[in-house]
Amino acid sequence: MIDAIGLALAGRAGARLATTLGIRISRDTLLRAVRSIPDKPIETTPILGIDDFALRRGHVYGTIVVDLVTSRPIDLLPDRTSDTVSSWLQEHPGAEIVCRDRAGAYAEVNRPGRGGGS
């Protein structure tokens, strides 16, 4: 129950809900419980979404890989280059469709022979 509350609401809000349900737990303990949940293994999915995100706007960007069937994030990549995404796709084969934005770096990924589909 603590894991479910932590995943749904996290810190303060989760601690307040837990208290309402009769569970005394601090927000820090709730967050530690969430962090201790092991990551699910990366599974093959037929439809992937890739997009960039800012860790520090204008300075540091990464790439998020999402399973578009379940809407679940699968992985975070350390940059937004086509080489990194291509390598990831080669290590995790099975994607039939890769959805991306119009960014030029991701356009290279979908070319045959670069790790992506057609």
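Since every read-out is calculated from the coordinates, none of them should be taken as a lab result. A quick note: this is a predicted structure, and the numbers were derived from the prediction, not measured. Positions of Cβ are backbone-derived with ideal geometry, glycine not excepted, and every protein chain shown enters the neighbour counts.
At R57 and E91, where each label point lies 7 Å from the Cα along Cα→Cβ, what is the point-to-point distance in nanometres?
3.0
Test of understanding: ordering L21, L77 by Cβ neighbours within 10 Å, fewest first, what list do you get?
Exposure proxy ranking, most exposed first: L21, L77.
When the Debye formula is applied to the Cα atoms of the chain, each taken as the same point scatterer, what base-10 log of I(q)/I(0) results at q = 0.09, 0.10, 0.13 Å⁻¹?
-0.36, -0.43, -0.64
Once you list every other residue whose beta carbon is under 12 Å from the beta carbon of R16, what net charge do they have if Lys and Arg are +1 and Asp and Glu are -1?
Spelling it out: positives minus negatives among the neighbours equals +3.
Using the C-alpha atoms of the range 23-81, what convex hull volume per residue, in cubic angstrom, is computed?
Once divided by residue count, the hull of the range 23-81 is 131 Å³.
Based on the inverse mean of 1/r over its pairs of different Cα atoms, what is the Kirkwood hydrodynamic radius of the range 47-107, in Å?
Hydrodynamic radius (Kirkwood, Cα only) of the range 47-107 equals 11.8 Å.
Counting other Cβ atoms within 10 Å, keep those with at most 11, restrict to DSSP loop, and tell me which trypsin sites (Lys or Arg not before Pro) in the range 1-94 are left.
R24, R57
Neighbouring Cβ atoms within 10 Å as the yardstick, rank I42, I74 fewest first.
Taking fewest neighbouring Cβ atoms as first place, the list is I42, I74.
As I understand it, the dipole of the chain uses +1 on the Cβ of Lys and Arg and -1 on the Cβ of Asp and Glu, about the Cα centre. Which of P93, I42, G14 lies farthest toward its positive end?
Positive-end residue among those listed: G14.
What full-extension length gain, to one decimal in nm, is calculated for L31 and D83 as 0.36 nm per residue of separation minus the Cα-Cα distance?
Answer, rounded to one decimal: 15.3 nm.
Determine the sum of side-chain charges near L30: Lys and Arg each +1, Asp and Glu each -1, restricted to other residues whose C-beta is under 15 angstrom from that of L30.
Its environment carries a net charge of +4.
Be a star and scan the range 57-84 for residues whose amide nitrogen sits under 12 Å from the point 7 Å along the Cα-to-Cβ vector of D39.
The answer is 65, 73-78.
Out of residues 5 or more away from I74 or on other chains, whose amide H comes under 5 Å of its own, with H placed 1.01 Å from N in the peptide plane?
Here V65, V66, D67 satisfy the definition.
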